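Input: a single structure, listed below in C-alpha coordinates.
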Amino acid sequence: MTPLDESVLSVRNLSVEFETRFGPLKAIDNISFEIGRGEVLGVVGESGAGKSLTGSAIANLIVSPGRVSGGEILLGGERIDNLPASQMRRVRGKRIGMVFQDPLTSLNPLFRVGDQIVETILTHLDCSPSAARKRAIELLGEVGIPSPEERIDSFPHEFSGGMRQRVVIALALCADPELIIADEPTTALDVVVQAQILDLLRALCDERGVAIMLVTHDMGVIAEIADRVAVVYAGRIAEIGRRDELISQPLHPYARGLMGAIPTVTGTDRELVQIPGSMPRLTAIPKGCAFHARCGQKFEPCDIRRPDLLDHEGRKVACHLYNSERRAA
Ligand SMILES: Nc1ncnc2c1ncn2[C@@H]1O[C@H](COP(=O)(O)OP(=O)(O)OP(=O)(O)O)[C@@H](O)[C@H]1O
Ligand SMILES: [Mg+2]
(Lines give C-alpha, C1' and ligand atoms only; values in the text may rest on other atoms or scores of the structure.)
(Ligands and ions follow the chains in the order given, each with its own letter.)
Protein backbone atom coordinates (compact mmCIF):
# COMPACT_ATOMS: atom_id res chain seq x y z
CA MET A 1 0.00 0.00 0.00
CA THR A 2 1.34 3.44 -0.92
CA PRO A 3 1.76 5.75 2.07
CA LEU A 4 -0.49 8.81 1.83
CA ASP A 5 2.31 11.34 1.37
CA GLU A 6 3.75 9.46 -1.60
CA SER A 7 0.46 9.29 -3.44
CA VAL A 8 0.31 11.17 -6.69
CA LEU A 9 -3.47 11.02 -6.66
CA SER A 10 -5.67 10.70 -3.65
CA VAL A 11 -9.43 10.48 -4.07
CA ARG A 12 -11.33 10.71 -0.80
CA ASN A 13 -15.03 10.00 -0.40
CA LEU A 14 -15.85 11.20 -3.90
CA SER A 15 -19.53 11.37 -4.83
CA VAL A 16 -21.09 12.53 -8.09
CA GLU A 17 -24.77 13.25 -8.61
CA PHE A 18 -27.01 14.06 -11.55
CA GLU A 19 -29.84 16.46 -10.99
CA THR A 20 -33.10 15.10 -12.39
CA ARG A 21 -36.76 16.05 -12.27
CA PHE A 22 -37.20 13.37 -9.63
CA GLY A 23 -34.35 14.57 -7.46
CA PRO A 24 -30.62 13.85 -7.41
CA LEU A 25 -29.30 10.51 -8.71
CA LYS A 26 -26.09 9.31 -7.14
CA ALA A 27 -23.80 7.95 -9.88
CA ILE A 28 -20.61 7.80 -7.79
CA ASP A 29 -21.11 6.99 -4.17
CA ASN A 30 -18.31 7.67 -1.75
CA ILE A 31 -15.32 6.32 -3.68
CA SER A 32 -11.81 6.50 -2.18
CA PHE A 33 -8.51 5.32 -3.63
CA GLU A 34 -4.91 6.37 -4.16
CA ILE A 35 -2.38 6.01 -6.95
CA GLY A 36 1.34 6.15 -6.21
CA ARG A 37 4.26 7.33 -8.32
CA GLY A 38 4.99 4.94 -11.16
CA GLU A 39 1.90 2.92 -10.41
CA VAL A 40 -0.89 1.77 -12.74
CA LEU A 41 -4.30 1.47 -11.11
CA GLY A 42 -6.67 -0.50 -13.29
CA VAL A 43 -10.32 0.46 -12.90
CA VAL A 44 -12.72 -2.23 -14.07
CA GLY A 45 -16.43 -2.84 -14.01
CA GLU A 46 -19.29 -3.24 -16.42
CA SER A 47 -20.83 -0.55 -18.57
CA GLY A 48 -22.38 2.25 -16.53
CA ALA A 49 -20.49 1.36 -13.33
CA GLY A 50 -19.04 4.88 -13.10
CA LYS A 51 -15.49 4.37 -14.39
CA SER A 52 -15.42 7.27 -16.86
CA LEU A 53 -17.32 9.51 -14.50
CA THR A 54 -14.64 8.97 -11.85
CA GLY A 55 -11.95 10.01 -14.36
CA SER A 56 -13.98 13.06 -15.39
CA ALA A 57 -14.49 14.05 -11.76
CA ILE A 58 -10.73 13.92 -11.12
CA ALA A 59 -10.08 16.11 -14.16
CA ASN A 60 -12.92 18.41 -13.12
CA LEU A 61 -14.73 17.76 -16.39
CA ILE A 62 -18.19 16.96 -15.06
CA VAL A 63 -20.79 19.20 -16.60
CA SER A 64 -24.32 20.08 -15.56
CA PRO A 65 -26.68 18.37 -14.74
CA GLY A 66 -23.88 16.38 -13.12
CA ARG A 67 -21.86 17.67 -10.20
CA VAL A 68 -19.35 16.51 -7.63
CA SER A 69 -21.49 16.38 -4.52
CA GLY A 70 -18.88 15.37 -1.99
CA GLY A 71 -15.31 14.40 -1.28
CA GLU A 72 -11.83 15.67 -2.01
CA ILE A 73 -9.31 15.12 -4.79
CA LEU A 74 -5.62 15.67 -4.10
CA LEU A 75 -2.84 15.75 -6.66
CA GLY A 76 0.66 15.65 -5.20
CA GLY A 77 -0.86 16.32 -1.80
CA GLU A 78 -2.74 19.50 -2.85
CA ARG A 79 -6.48 19.73 -3.26
CA ILE A 80 -7.49 20.32 -6.87
CA ASP A 81 -11.26 19.86 -6.59
CA ASN A 82 -11.85 23.37 -5.27
CA LEU A 83 -9.64 25.36 -7.67
CA PRO A 84 -11.04 28.19 -9.80
CA ALA A 85 -11.76 27.11 -13.41
CA SER A 86 -8.74 28.94 -14.85
CA GLN A 87 -6.32 27.25 -12.46
CA MET A 88 -7.94 23.89 -13.03
CA ARG A 89 -7.47 24.25 -16.79
CA ARG A 90 -3.75 24.64 -16.14
CA VAL A 91 -3.66 21.61 -13.87
CA ARG A 92 -5.48 19.58 -16.49
CA GLY A 93 -3.11 20.50 -19.30
CA LYS A 94 0.06 20.38 -17.31
CA ARG A 95 -0.21 17.99 -14.39
CA ILE A 96 -2.88 15.60 -15.69
CA GLY A 97 -2.73 14.06 -19.17
CA MET A 98 -5.85 12.49 -20.68
CA VAL A 99 -6.04 9.63 -23.20
CA PHE A 100 -9.42 8.48 -24.49
CA GLN A 101 -10.62 5.57 -26.60
CA ASP A 102 -11.06 7.75 -29.67
CA PRO A 103 -7.85 9.67 -30.47
CA LEU A 104 -9.93 12.25 -32.31
CA THR A 105 -11.38 13.35 -28.96
CA SER A 106 -7.95 14.84 -28.28
CA LEU A 107 -6.66 15.63 -31.79
CA ASN A 108 -8.12 18.25 -34.09
CA PRO A 109 -8.35 16.64 -37.55
CA LEU A 110 -7.77 20.00 -39.23
CA PHE A 111 -4.31 20.66 -37.79
CA ARG A 112 -0.96 18.97 -38.22
CA VAL A 113 -0.13 16.86 -35.16
CA GLY A 114 3.11 18.76 -34.58
CA ASP A 115 1.32 22.09 -34.41
CA GLN A 116 -1.06 20.69 -31.79
CA ILE A 117 1.77 19.32 -29.68
CA VAL A 118 3.83 22.51 -30.04
CA GLU A 119 0.86 24.66 -29.08
CA THR A 120 0.26 22.58 -25.96
CA ILE A 121 3.93 22.76 -24.99
CA LEU A 122 3.96 26.55 -25.45
CA THR A 123 0.79 26.91 -23.36
CA HIS A 124 2.20 25.03 -20.41
CA LEU A 125 5.97 25.35 -20.51
CA ASP A 126 8.15 28.39 -20.71
CA CYS A 127 10.13 27.80 -23.91
CA SER A 128 10.70 29.11 -27.44
CA PRO A 129 8.75 27.82 -30.45
CA SER A 130 11.86 26.14 -31.85
CA ALA A 131 12.58 24.42 -28.51
CA ALA A 132 8.93 23.31 -28.39
CA ARG A 133 9.20 21.80 -31.85
CA LYS A 134 12.37 19.98 -30.87
CA ARG A 135 10.62 18.64 -27.79
CA ALA A 136 7.60 17.58 -29.88
CA ILE A 137 9.88 15.56 -32.17
CA GLU A 138 11.53 13.93 -29.15
CA LEU A 139 8.17 13.06 -27.66
CA LEU A 140 6.91 11.53 -30.90
CA GLY A 141 10.09 9.47 -31.00
CA GLU A 142 9.64 8.45 -27.38
CA VAL A 143 6.14 7.11 -28.01
CA GLY A 144 7.39 5.09 -30.97
CA ILE A 145 6.48 7.13 -34.05
CA PRO A 146 9.07 6.25 -36.72
CA SER A 147 10.85 9.21 -38.43
CA PRO A 148 9.25 11.73 -36.08
CA GLU A 149 11.03 14.66 -37.72
CA GLU A 150 8.98 13.95 -40.86
CA ARG A 151 5.75 12.70 -39.29
CA ILE A 152 5.45 15.78 -37.10
CA ASP A 153 3.99 17.64 -40.09
CA SER A 154 1.35 15.00 -40.88
CA PHE A 155 -2.36 15.36 -40.19
CA PRO A 156 -4.14 12.99 -37.78
CA HIS A 157 -5.85 11.08 -40.62
CA GLU A 158 -2.45 10.23 -42.10
CA PHE A 159 -1.72 7.94 -39.14
CA SER A 160 -3.08 4.45 -38.43
CA GLY A 161 -5.32 4.04 -35.36
CA GLY A 162 -2.48 2.76 -33.20
CA MET A 163 -0.07 5.48 -34.35
CA ARG A 164 -2.75 8.10 -33.74
CA GLN A 165 -3.16 6.84 -30.18
CA ARG A 166 0.63 7.15 -29.76
CA VAL A 167 0.36 10.78 -30.91
CA VAL A 168 -2.35 11.34 -28.28
CA ILE A 169 -0.06 9.87 -25.64
CA ALA A 170 2.72 12.21 -26.80
CA LEU A 171 0.24 15.08 -26.48
CA ALA A 172 -0.71 13.94 -22.97
CA LEU A 173 2.99 13.85 -22.04
CA CYS A 174 3.84 17.33 -23.37
CA ALA A 175 4.02 19.09 -20.07
CA ASP A 176 5.45 16.17 -18.09
CA PRO A 177 2.29 15.27 -16.16
CA GLU A 178 2.25 13.49 -12.81
CA LEU A 179 -0.94 11.62 -13.65
CA ILE A 180 -2.39 10.16 -16.84
CA ILE A 181 -6.04 9.22 -16.97
CA ALA A 182 -6.43 6.69 -19.77
CA ASP A 183 -10.05 5.76 -20.47
CA GLU A 184 -10.27 2.62 -22.62
CA PRO A 185 -7.13 3.70 -24.53
CA THR A 186 -6.78 0.43 -26.42
CA THR A 187 -10.39 -0.65 -26.89
CA ALA A 188 -10.55 0.47 -30.52
CA LEU A 189 -7.25 -1.19 -31.47
CA ASP A 190 -6.45 -4.69 -32.63
CA VAL A 191 -4.81 -7.05 -30.16
CA VAL A 192 -1.22 -6.60 -31.42
CA VAL A 193 -1.38 -2.80 -31.44
CA GLN A 194 -3.17 -2.91 -28.10
CA ALA A 195 -0.22 -4.78 -26.58
CA GLN A 196 2.22 -2.20 -28.00
CA ILE A 197 0.27 0.72 -26.52
CA LEU A 198 0.06 -1.04 -23.14
CA ASP A 199 3.83 -1.61 -23.22
CA LEU A 200 4.29 2.07 -23.95
CA LEU A 201 2.10 3.13 -21.02
CA ARG A 202 3.89 0.70 -18.72
CA ALA A 203 7.28 2.09 -19.81
CA LEU A 204 6.12 5.66 -19.11
CA CYS A 205 5.25 4.60 -15.60
CA ASP A 206 8.51 2.82 -15.02
CA GLU A 207 10.78 5.40 -16.65
CA ARG A 208 9.08 8.71 -15.85
CA GLY A 209 7.28 7.73 -12.65
CA VAL A 210 3.91 8.82 -14.05
CA ALA A 211 0.88 7.51 -12.15
CA ILE A 212 -1.74 6.04 -14.46
CA MET A 213 -5.43 5.49 -13.88
CA LEU A 214 -6.35 3.00 -16.56
CA VAL A 215 -10.06 2.52 -17.14
CA THR A 216 -11.00 -0.62 -19.00
CA HIS A 217 -13.63 -3.33 -19.16
CA ASP A 218 -11.01 -5.79 -20.42
CA MET A 219 -9.56 -8.03 -17.72
CA GLY A 220 -6.81 -9.04 -20.14
CA VAL A 221 -5.57 -5.44 -20.15
CA ILE A 222 -5.60 -5.42 -16.34
CA ALA A 223 -3.71 -8.69 -16.16
CA GLU A 224 -1.10 -7.23 -18.47
CA ILE A 225 -0.20 -3.89 -16.92
CA ALA A 226 -1.99 -2.97 -13.70
CA ASP A 227 -0.19 -2.92 -10.34
CA ARG A 228 -3.43 -2.61 -8.42
CA VAL A 229 -7.04 -2.97 -9.43
CA ALA A 230 -10.24 -1.25 -8.34
CA VAL A 231 -13.41 -3.17 -9.16
CA VAL A 232 -16.30 -0.73 -9.49
CA TYR A 233 -19.94 -1.73 -9.29
CA ALA A 234 -22.93 0.61 -9.41
CA GLY A 235 -20.88 3.67 -8.49
CA ARG A 236 -18.97 2.10 -5.60
CA ILE A 237 -15.73 0.22 -5.15
CA ALA A 238 -16.52 -3.44 -4.53
CA GLU A 239 -12.91 -4.45 -4.03
CA ILE A 240 -9.47 -2.89 -4.41
CA GLY A 241 -6.11 -4.53 -4.07
CA ARG A 242 -2.93 -5.75 -5.68
CA ARG A 243 -3.44 -7.18 -9.13
CA ASP A 244 -1.97 -10.61 -8.45
CA GLU A 245 -4.07 -11.17 -5.35
CA LEU A 246 -7.17 -9.79 -6.94
CA ILE A 247 -6.80 -11.98 -9.99
CA SER A 248 -5.79 -15.19 -8.28
CA GLN A 249 -8.02 -14.82 -5.22
CA PRO A 250 -10.78 -12.28 -5.70
CA LEU A 251 -12.83 -11.82 -2.54
CA HIS A 252 -15.97 -10.01 -3.66
CA PRO A 253 -18.44 -12.32 -5.42
CA TYR A 254 -18.71 -9.76 -8.24
CA ALA A 255 -14.92 -9.63 -8.61
CA ARG A 256 -14.90 -13.44 -8.68
CA GLY A 257 -17.35 -13.32 -11.55
CA LEU A 258 -15.25 -10.77 -13.40
CA MET A 259 -12.06 -12.78 -13.00
CA GLY A 260 -13.72 -15.49 -15.00
CA ALA A 261 -13.43 -12.93 -17.79
CA ILE A 262 -9.62 -12.97 -18.05
CA PRO A 263 -8.47 -14.26 -21.41
CA THR A 264 -6.55 -17.51 -21.30
CA VAL A 265 -2.77 -17.44 -21.42
CA THR A 266 -2.77 -18.34 -25.09
CA GLY A 267 -4.54 -15.05 -25.67
CA THR A 268 -6.97 -16.47 -28.17
CA ASP A 269 -10.04 -16.94 -26.01
CA ARG A 270 -11.21 -13.47 -25.03
CA GLU A 271 -14.83 -14.47 -24.44
CA LEU A 272 -16.27 -12.81 -21.38
CA VAL A 273 -17.89 -14.98 -18.77
CA GLN A 274 -21.35 -13.62 -18.14
CA ILE A 275 -22.50 -12.97 -14.62
CA PRO A 276 -26.24 -13.69 -14.61
CA GLY A 277 -28.44 -10.59 -14.41
CA SER A 278 -27.42 -7.01 -14.98
CA MET A 279 -26.20 -4.07 -12.99
CA PRO A 280 -29.08 -2.00 -11.57
CA ARG A 281 -29.84 1.34 -13.20
CA LEU A 282 -29.06 4.45 -11.17
CA THR A 283 -32.75 5.00 -10.66
CA ALA A 284 -33.16 1.54 -9.16
CA ILE A 285 -30.16 0.87 -6.94
CA PRO A 286 -31.57 -1.49 -4.34
CA LYS A 287 -31.23 -1.15 -0.61
CA GLY A 288 -28.27 -2.94 0.92
CA CYS A 289 -25.53 -4.24 -1.35
CA ALA A 290 -26.12 -3.19 -4.97
CA PHE A 291 -24.97 -6.64 -6.11
CA HIS A 292 -27.17 -8.76 -3.85
CA ALA A 293 -29.77 -9.66 -6.47
CA ARG A 294 -27.06 -11.29 -8.61
CA CYS A 295 -25.03 -12.78 -5.80
CA GLY A 296 -24.91 -16.52 -5.21
CA GLN A 297 -23.73 -16.00 -1.64
CA LYS A 298 -26.14 -13.43 -0.30
CA PHE A 299 -27.33 -13.83 3.28
CA GLU A 300 -29.36 -11.97 5.88
CA PRO A 301 -27.83 -8.44 5.88
CA CYS A 302 -27.18 -8.15 2.13
CA ASP A 303 -30.51 -6.70 1.04
CA ILE A 304 -30.76 -4.49 4.12
CA ARG A 305 -27.43 -2.91 4.86
CA ARG A 306 -24.86 -1.53 2.46
CA PRO A 307 -21.45 -3.10 3.11
CA ASP A 308 -18.64 -0.61 3.72
CA LEU A 309 -15.28 -0.99 2.01
CA LEU A 310 -13.31 -2.53 4.88
CA ASP A 311 -9.80 -3.87 5.34
CA HIS A 312 -9.58 -7.61 5.06
CA GLU A 313 -6.17 -9.20 5.43
CA GLY A 314 -4.40 -6.23 3.88
CA ARG A 315 -6.96 -5.81 1.12
CA LYS A 316 -10.19 -3.88 0.89
CA VAL A 317 -13.55 -5.35 0.09
CA ALA A 318 -17.15 -4.17 0.47
CA CYS A 319 -18.98 -7.42 1.22
CA HIS A 320 -20.74 -8.70 4.32
CA LEU A 321 -19.08 -12.11 3.85
CA TYR A 322 -15.85 -10.59 5.16
CA ASN A 323 -17.36 -8.67 8.02
CA SER A 324 -16.90 -11.18 10.83
CA GLU A 325 -19.28 -9.51 13.32
CA ARG A 326 -22.11 -9.41 10.86
CA ARG A 327 -21.43 -12.96 9.72
CA ALA A 328 -21.52 -14.20 13.28
CA ALA A 329 -24.80 -12.38 13.87
N1 LIG B 1 -25.01 13.32 -18.46
C2 LIG B 1 -25.50 12.31 -17.74
N3 LIG B 1 -26.77 12.36 -17.24
C4 LIG B 1 -27.28 11.37 -16.47
N5 LIG B 1 -26.60 10.24 -16.15
C6 LIG B 1 -25.33 10.12 -16.62
C7 LIG B 1 -24.72 11.13 -17.43
N8 LIG B 1 -23.45 10.73 -17.75
C9 LIG B 1 -23.29 9.52 -17.14
N10 LIG B 1 -24.42 9.16 -16.48
C11 LIG B 1 -24.65 7.93 -15.71
O12 LIG B 1 -23.59 7.73 -14.81
C13 LIG B 1 -23.32 6.34 -14.69
C14 LIG B 1 -21.85 6.09 -14.87
O15 LIG B 1 -21.47 6.39 -16.19
P16 LIG B 1 -19.98 6.18 -16.74
O17 LIG B 1 -19.91 6.82 -18.05
O18 LIG B 1 -18.99 6.60 -15.72
O19 LIG B 1 -19.92 4.58 -16.89
P20 LIG B 1 -18.69 3.67 -17.35
O21 LIG B 1 -18.38 2.78 -16.18
O22 LIG B 1 -17.60 4.50 -17.88
O23 LIG B 1 -19.35 2.77 -18.47
P24 LIG B 1 -18.79 2.31 -19.92
O25 LIG B 1 -18.02 1.04 -19.67
O26 LIG B 1 -20.02 2.07 -20.70
O27 LIG B 1 -17.94 3.42 -20.48
C28 LIG B 1 -24.18 5.63 -15.72
O29 LIG B 1 -25.28 5.08 -15.05
C30 LIG B 1 -24.60 6.74 -16.64
O31 LIG B 1 -25.89 6.46 -17.15
MG1 LIG C 1 -16.79 4.77 -19.78
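The values are calculated or read from the model by the stated rules, or taken from the named source; none is laboratory data. Please read all numbers here as calculations on a predicted model, not as lab measurements. Every residue, glycine among them, receives a Cβ derived from its backbone with ideal geometry; neighbour counts consider all protein chains shown. Areas reflect the complete protein model, heavy atoms only, side chains present, ligands, DNA and RNA absent. Shrake-Rupley method; radii C 1.70, N 1.55, O 1.52, S 1.80 Å.
A few points about this structure:
- For the chain, share of DSSP beta bridges that run antiparallel, in % to the nearest 5: 65
- Listed by chain and number, the aspartates and glutamates whose alpha-carbon sits under 16 Å from that of K287, ignoring those within fewer than 8 places in the same chain, are D29, E300, D303, D308.
- With at most 11 other Cβ atoms within 10 Å, longest stretch of the chain clear of loop trypsin sites (Lys or Arg not before Pro) (DSSP): 22-280
- I80 sits among other residues whose Cβ lies under 15 Å from its own Cβ, and their net charge, with Lys and Arg +1 and Asp and Glu -1, is +2.
- Candidates A226, A27, A293, ranked by Gaussian network fluctuation over the chain, Cα under 10 Å, top entry: A293
- Zero-based 5 Å bins, Cα pair distances in region 96-174, whole percents: 3, 18, 31, 28, 15, 4, 0
- Across E142, E184, E39, mean-square fluctuation computed from a Gaussian network of the chain (C-alpha pairs under 10 Å connected) peaks at E142.
- Listed by chain and number, the lysines placed with their C-alpha closer than 24 angstrom to that of K94 are K51, K134; residues fewer than eight positions away on the same chain are left out.
- Heavy-atom accessible surface of the chain, averaged per residue, reaches 47 Å², computed with a 1.4 Å probe.
- Net +/- balance of residues flanking R243 in space, Cβ distance below 10 Å, scoring K and R +1, D and E -1: -2
- Area accessible to solvent at S10, 1.4 Å probe radius, in Å²: 10
- Per residue, the average separation of C-alpha pairs within less than 8 Å and at least 6 apart gives region 96-174 a relative contact order of 45 percent.
- Accessible-area order (highest first, 1.4 angstrom probe) of the listed residues V221, V118: V118, V221
- With the highest mean first, a sort of the peptides 126-132, 192-198 on other beta-carbon atoms found within 10 angstrom per residue produces 192-198, 126-132.
- Overall, region 96-174 carries a charge dipole of about 60 debye about its Cα centre when +1 sits on the Cβ of Lys and Arg and -1 on the Cβ of Asp and Glu, all other atoms neutral.
- Solvent-free Debye calculation, one equal scatterer per alpha-carbon of the chain: log10 I(q)/I(0) at 0.09, 0.12, 0.14 Å⁻¹ equals -0.49, -0.85, -1.13.
- Kyte-Doolittle mean at least -0.5, axial Cα span of 24 Å or more - DSSP H helices of the chain: 191-208
- Element breakdown for region 96-174 at a 1.4 angstrom probe: carbon and sulfur atoms account for 54% of the accessible area.
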